[in-house]
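Following: one structure in structure tokens, then a few remarks.
The numbers here are math on the coordinates, done by the rules we state, and not lab data. Just so you know, these numbers come straight off a predicted model, no measurement behind them. Counting neighbours? That spans all protein chains shown, and the Cβs are built from the backbone with ideal geometry, glycine included.
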Amino acid sequence: PRPVIIDTDPGIDDAIAILAALAAPAFDIRGVTTVAGNIGIETTTRNAGRILALAGRGDIPVIAGAAAPLARKGFDTADIHGRDGLGGVPFPEPLAPPAGADAAGWIADTLDATAPGTLDILALGPLTNLALLLRDRPDTAQRVGRIIAMGGAIDEPGNIGPRSEFNLAADPEAAAAVLGSGLPVTLIPLDVTRRVRAARAYVASLRAASTTAATASANLIEAYFTTTTGGASRPLHDPCVMLFALRPELFDCEDLTLSVDIGDGPDAGALTPGGAGAPSVEVALGVDADQALALLADVLG
Ligand code: BDR
Ligand code: CA
């Protein structure tokens, strides 16, 4: 199995992604690091522990990370993910307290203890912890295999501003640092995640699978139907990161150089392709959505 760290702000769709990763034998999850994003750091950290507890994986450490973006104030998204960040879906309490409160330092120590190029980071939230890793331990950061991050919008409108997506807009300075780092990065933007959608029939099929992970995911998607508007289906943003890590051939990718808007306007965090001299990033622009959804159901079930 492939060693991975999940960096996350759970979050309804983060929770589904983590449950899928826990259920996939292809991953050796070394730890779950948390970041403020969908909700504050205390809640995202507790939620990471609750999700691991549901899967009976108290052996996987949770390490709390950044409580705030590098240079600005966080957003309040309680209307989307509920006051508890998980849409009120029942989860057990964490089996263990957090194993630390310095996610960036813990990621660096873990990279130093792992063969270079073999540890991947699955990033489901604002990129603050990874920017701190690059700032504080730049040489160690070079040991990462690949960062696969959900974030951004290329040809699609944004979901928090006209052109900006939540994870990048929550911490544009961090996004600029990570996308400009030259590390191997794959970005999974809204252009892809908005196509991987769960309708009611999909929820029913998860329920029918009746595993713990599938049932909890069905409950989480139901909660997402209640807390958001948007027709007959809902996008499964963060699970796309796990699906890409499992089966990259389901996605169409292009190498793009991207610049991140770090201004204060409504486009903060928005991406503009181009930018001479910037390192390029692999960007997923297309997906076989039917196969992606089938893979997710298969893993959860
Ligand atoms: C991203 O924003 C968060 O609300 C979701 O968890 C996902 O990571 C989608 O824009
Ligand atoms: Ca997230």
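From the phi angles alone, apply the Karplus equation (6.51, -1.76, 1.60; θ = phi - 60°) to segment 149-160 and give each ³J(HN,Hα) in whole Hz, x where the residue is Gly or Pro.
Whole-Hz 3J(HN,Hα) from phi for segment 149-160: 10, 7, x, x, 9, 9, 9, 9, x, x, 10, 10.
Would you list LEU243, LEU293 from fewest to most Cβ contacts within 10 Å?
Values: LEU243 28, LEU293 21.
By the 10 Å Cβ count, ascending, the order reads LEU293, LEU243.
In a Gaussian network model over the chain where Cα atoms closer than 10 Å are linked, find which of LEU86, LEU22, LEU168 has the largest mean-square fluctuation.
Answer for the Gaussian network model of the chain: LEU22.
When the helices in the chain are scored as -39500 (n - 2.57) per DSSP H run of 4 or longer and the sum is shared across all residues, what 222 nm value do you end up with, to the nearest 500 deg cm²/dmol?
Roughly -11000 deg cm²/dmol at 222 nm, from the helical runs in the chain.
If you rank GLU156, GLU165 by fewest surrounding Cβ atoms within 10 Å, what's the result?
Placing the least packed residue first, the sequence is GLU156, GLU165.
Roughly how far apart, in whole Å, are the Cα centres of segment 92-133 and segment 149-209?
So the separation of the two Cα centres works out to 20 Å.
About the Cα centre, and with charges only on the beta carbon of Lys, Arg (+1) and Asp, Glu (-1), how big is the dipole of segment 153-301? Nearest 20 debye, please.
On the way: 8 positive and 19 negative charges, 143 e Å.
Magnitude of the dipole: close to 680 debye.
Provide the percentage of antiparallel DSSP beta bridges, counting only those with both residues in the chain; round to the nearest 5.
Working: 13 of 37 bridges.
Antiparallel bridges: around 35 percent, rounded to the nearest 5.
In debye, nearest 20: dipole of segment 252-301 around its Cα centre with unit charges on the Cβ of K, R (+) and D, E (-)? All intermediate terms of the calculation are to be shown ahead of the outcome.
On the way: 0 positive and 10 negative charges, 24 e Å.
In total the dipole reaches around 120 debye.
Sort GLU173, GLU93 by Cβ crowding within 10 Å, fewest neighbours at the top.
Values: GLU173 18, GLU93 8.
With the sparsest Cβ surroundings first, the list reads GLU93, GLU173.
Membrane-span-like helices in the chain: DSSP H runs reaching 15 Å or more (Cα, own axis), mean Kyte hydropathy at least -0.5? Please report the intermediate quantities before stating the final value.
Details: long enough: 12-23 (17 Å, 1.93); 41-54 (20 Å, 0.12); 212-227 (22 Å, 0.51); 289-300 (16 Å, 1.34).
Those that clear 15 Å and a mean of -0.5 are 12-23, 41-54, 212-227, 289-300.
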